[in-house]
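Taking it in order: structure first as structure tokens, then the write-up.
The values are calculated or read from the model by the stated rules, or taken from the named source; none is laboratory data. Predicted model, so just to flag it, every value in this text is computed and none were measured. Note that we place each Cβ from the backbone using ideal geometry, even for glycine, and neighbour counts take in every protein chain shown.
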Amino acid sequence: MNTIDALDQQIATRTQTSSTSLLTAYMNTQRAGNELRDFAEGLYDSDVPSILDELKEHGIGEFTISANQTGLTEIIWNLTQAGATLIGMTEVNAHYTDPFTEERQLIPAWHLTSS
């Protein structure tokens, strides 16, 4: 997984200019070792108007959503209405480890593009 200097700088200096959802997805993706940015802890209706612009601003063309939350179908619909393309389903590493094996499980995720 490649790093994004602007997001690393925000995290290091605690000067948040990006959305909390994007920063959380970035940090969780680094921990899990996923190739694509994964929104594992949730994406919210209020994120939809700006999240695609933020992704493009940071050079993120593809992303996944593995969050298992109420209303996710509507959020994905709103993302597609805002210009995202739903590619399908994939599997990603969970951002947490199994407490017994200390390994990351593969979990299902929605795969989208922001362009």
Quick one: is Ser46 of a type in the set (Gly, Ala, Ser), modelled with pLDDT of 85 or more and surrounded by 13 or more Cβ atoms within 10 Å (Cβ to Cβ)? no
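Every residue, every condition in (1) assigned to a loop (DSSP other than H, G, I, E, B); (2) within 18 Å of Ser19 (Cα to Cα); (3) touching a residue at least 60 places away in the same chain (Cβ under 8 Å), yes or no:
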position	(1), (2), (3)
Gln30	no, yes, no
Glu41	yes, yes, no
Pro49	no, yes, no
Phe63	no, yes, no
Pro108	no, no, no
Being in contact with a helix residue (DSSP H, G or I) (Cβ under 9 Å, 6 or more places away or on another chain) and over 18 Å from Glu41 (Cβ atoms) is the filter; apply it to segment 86-115 and report the residue that is surrounded by the most Cβ atoms within 10 Å (Cβ to Cβ). Ser114
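Against the definition (at pLDDT 90 or above, more than 19 Å from Asn2 (Cβ to Cβ) and surrounded by 15 or more Cβ atoms within 10 Å (Cβ to Cβ)), how does Ala32 come out, yes or no?
Working: at pLDDT 90 or above: yes; more than 19 Å from Asn2 (Cβ to Cβ): no; surrounded by 15 or more Cβ atoms within 10 Å (Cβ to Cβ): yes.
In short, no.
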Pairs, please: C-beta under 6 Å, at least 6 apart or cross-chain, first residue at pLDDT 95 or above and assigned to a strand (DSSP E or B) and in segment 74-93, second surrounded by 14 or more Cβ atoms within 10 Å (Cβ to Cβ) and of a type in the set (A, V, I, L, M)? Leu86/Leu112; Thr90/Ala109; Val92/Ala109; Asn93/Ala32
